[in-house]
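Each remark here refers to the structure printed beneath this line.
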Amino acid sequence: MLTGYDRGRRCGPRLRRMLQVVLVAAVMATTLAASAYAQDRAVYLATYVEVMPSEEVSGAALLARYRDAGRRQDANLRFEVLHEIARPDRFAMLEVWKDKAALESHDKAASSRSFREKLKSIRSAPSDVRLNNGISVGPPKTERKAGAIYVLTHVDVIPDREADCLALLRVMRADASREHGNIAYEVLQQSDPANHFTVLEAWTNRKALDAHIMAEHTRSFRERLSPMQGALYDERFYRVLN
């Protein structure tokens, strides 16, 4: 018959192993929570830029230099410049910063002020800047491919349909992500007003995009979204600026 002391000795190693497992799980949970929190704090900036038609080349070069400088900053998580296909004098910048403080620091930097001054001399209209929160985001499913088409859509719904629109967009993202040729489908929600959304899509080529546009779930999405809209469904096609 085992005494209490013997039982303690027999159970000691087992208890130590259990405590180690619990400790490891706690550390992992804390790490994952911290990572998720950091991701939640990220801010997404969508900026629409228009330059004079005669300044398309110089505008593209200026934006490319600004993008490359932004990517070198530690707080930058992503920086893309898109060149509109139908209107080559129009561009869009998509930036992701680790938090609002990082974005504000970048915005106040001398390099950013210099960029805005140079852009002011060649633009045809003031830039449209929209601060967003990531709702359904993630890395592209494949590496960027030559010929890929990017679609940037501004979705504006009446204020009391914000939740309905968000639910529709999440379903649309799930459907589109399963389609052949889809590279990315991301949903961003504007910080203010919150009933405005930015949707970024990437497709391997125009054929894949056309198939998506004609898909039953896409047409159903547009049909259900229509009564909610507060403004025109603004959809533009781009190539990534190299």
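Rule-based calculations on the coordinates, nothing more; no lab input. Only a predicted model underlies this, so the values are computations on that prediction, with no experimental measurement involved. A quick note on method: Cβ atoms are made from the backbone with ideal geometry, for glycine too, and the neighbour counts reach across all protein chains shown.
Spacing of the modelled spin labels on Ala167 and Glu216, each 7 Å from Cα toward Cβ, amounts to 2.2 nm.
Taking a ≥ b ≥ c as the square roots of the Cα gyration tensor eigenvalues, with a/c under 1.5 meaning rounded and otherwise prolate when a/b beats b/c, else oblate, which class fits region 200-242? Walk me through the numbers before you get to the answer.
Working: a/c = 3.69, a/b = 1.47, b/c = 2.51.
Judged from the Cα gyration tensor, region 200-242 comes out oblate (a/c at least 1.5, b/c at or above a/b).
Give me the percent relative contact order of region 93-210, please, defined on Cα pairs under 8 angstrom at least 6 residues apart. Show your work: numbers first, answer last.
Details: 141 pairs, mean separation 35.2, N = 118.
About 30 percent, as a whole number.
Spread over its residues, the convex hull of the C-alpha atoms of region 34-111 is 92 Å³ per residue.
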